[in-house]
Amino acid sequence: MGEPIKSHPKSEDPRLARWVAAGLITPDQAEAIGAFESRAVEGQRGIPPVAEALGYLGAAMAVAAGVAFLGQSWSDLSTAGRGAILGGFTFIFFAGGWAVHRHPDPAVKRLTSVLWALSVASGWGFLWVLMPVPSHGESDPRALEAGLGSSVYAAALWIRRRTTFQLIALFLATVSVGVGAVVAGYQNQETPTYAVALVVWILGVLLLLLSWRGLARPVGTGYALGGVAALYAPLMAGEHRGAAIAGLATAAALMTVSIPLRRTVLLGLGAFGVLVYGIQAVLWYFADSLGAPLALLIGGVALIGVAVLTVRLLPRTSSRPREPKSA
């Protein structure tokens, strides 16, 4: 019973020796188990962190080199030259991700997502520079046209790999379409900021709804991205009472829906929005009558109440077990 385990360079496990000594398994079985586990560990061995870091470093260096080069000679390049550079970056980033996109290692998957997101960004720039510059006084349709092309490209990549970076790239390309459509719609007129803000707000809310229905994946990214867009949109409209009230209402809505959805990210975004827009609203409505210090005091007391409410709600949203998704 106490016969030692056969020598195997990768199966020397003290547990196997104890099991053999106790008569639970034979030395041959211990040897077989050790060899099997060694092969399993080798098969699961991930990409070294240095390899992933080198991939990100290479992408960052390529972007930095491109920015430095274009910053020095961009004005001297022809339209074809600019398009060739941005088109080259688009292809390089895509090809780099495609070359390893089937690799099962999580690090490689993350690297692929980053490269493809950069490909969408450079693709947007590629389409932008190829579009004719509008004449003086005409509306600029380049954001719309570049957004349409890059959103189709981003959607194809997102369908192929539904990751955080692919969803971000797709959403930003869609925002370019929406904002570009608004700008193109105001022929020979200056585009009002509230119109752009309204488009961004609508797209943010739409992404929240799609995430709620499970159509925008990853769902957590969709909630976070949609919430940020909806909260940021009123700031784009400028500092006035309507923007402050719209932002405050959006923040309150995010906090409200975070409870049934059990999404702490929405609760946190809503609390932050109440902080920002609550101070704006108090200053707008009460600074003239009460004075700025007293108005800030009232706003501070109200925000303390919001903080207490957030703390009380947070354990409920995070401690409840999530219900299984219906098929």
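The values are calculated or read from the model by the stated rules, or taken from the named source; none is laboratory data. Not measured: the values here are computed from a predicted model. As a convention, Cβ positions derive from the backbone with ideal geometry for all residues, glycine included, and neighbour counts pool all protein chains shown.
The listed residues are Leu209, Leu231, and the only one of them that is closer than 23 Å to Leu275 by Cα and either touching a helix residue (DSSP H, G or I) at 6+ places or on another chain (Cβ under 6 Å) or not assigned by TED's automatic domain parsing to the domain that holds Ile159 (or both) turns out to be Leu231. Residues in the range 102-113 that are surrounded by fewer than 22 Cβ atoms within 10 Å (Cβ to Cβ) and closer than 21 Å to Phe171 by Cβ were compared, and the one that is farthest from the chain's Cα centre (by Cα) is Lys109. From the list Gly226, Gly180, the one residue that fits, being buried (at least 21 other Cβ atoms within 10 Å of the Cβ), within 29 Å of Arg142 (Cβ to Cβ) and in contact with an Asp or Glu (Cβ under 9 Å, 6 or more places away or on another chain), is Gly180. With the condition kept exactly as written, say whether any residue in the range 203-212 is assigned to a helix (DSSP H, G or I), of a type outside the set (Asp, Glu), under 24 Å from Gly125 (Cα atoms) and at pLDDT below 95. Within the range 203-212, none of the residues are assigned to a helix (DSSP H, G or I), of a type outside the set (Asp, Glu), under 24 Å from Gly125 (Cα atoms) and at pLDDT below 95.
Out of the residues in the range 238-283 meeting the condition of being among the hydroxyl-bearing types (Ser, Thr, Tyr) and more than 16 Å from Trp212 (Cα to Cα), tell me which one is nearest to the chain's Cα centre (by Cα). For the range 238-283, the residue satisfying everything is Thr250. So, Trp116, is that one in contact (Cβ under 8 Å) with a residue 40 or more places away in the chain and either closer than 24 Å to Thr250 by Cα or aromatic (Phe, Trp, Tyr) (or both) or not? So Trp116 passes the test. Looking at the range 309-319, is at least one residue among the hydroxyl-bearing types (Ser, Thr, Tyr), modelled with pLDDT of 85 or more and crowded, with 18+ Cβ neighbours inside 10 Å? Looking for residues that are among the hydroxyl-bearing types (Ser, Thr, Tyr), modelled with pLDDT of 85 or more and crowded, with 18+ Cβ neighbours inside 10 Å, one finds none in the range 309-319, hence no.
Only a single criterion out of (1) within 23 Å of Val63 (Cα to Cα); (2) without any contact (Cβ under 8 Å) to a residue 24 or more places away in the chain is not satisfied by Arg102, namely (1). Number of residues in the range 134-167 that are aliphatic (A, V, I, L, M) and surrounded by fewer than 19 Cβ atoms within 10 Å (Cβ to Cβ): the value is 5. Is it the case that the range 275-282 has a residue that's among the aromatic types (Phe, Trp, Tyr) and over 25 Å from Ser113 (Cα atoms)? Yes, some residue in the range 275-282 is among the aromatic types (Phe, Trp, Tyr) and over 25 Å from Ser113 (Cα atoms). All conditions but one from (1) of a type outside the set (S, T, N, Q); (2) touching an Asp or Glu at 6+ places or on another chain (Cβ under 8 Å); (3) within 17 Å of Gly185 (Cβ to Cβ) apply to Asp140; the one that does not is (2). Ala173 meets the stated requirement of being aliphatic (A, V, I, L, M), under 23 Å from Ile202 (Cβ atoms) and either surrounded by fewer than 22 Cβ atoms within 10 Å (Cβ to Cβ) or modelled with pLDDT of 90 or more (or both). Out of curiosity, is Val196 among the β-branched types (Val, Ile, Thr) and assigned by TED's automatic domain parsing to the domain that holds Ala156? Answer is no for this residue.
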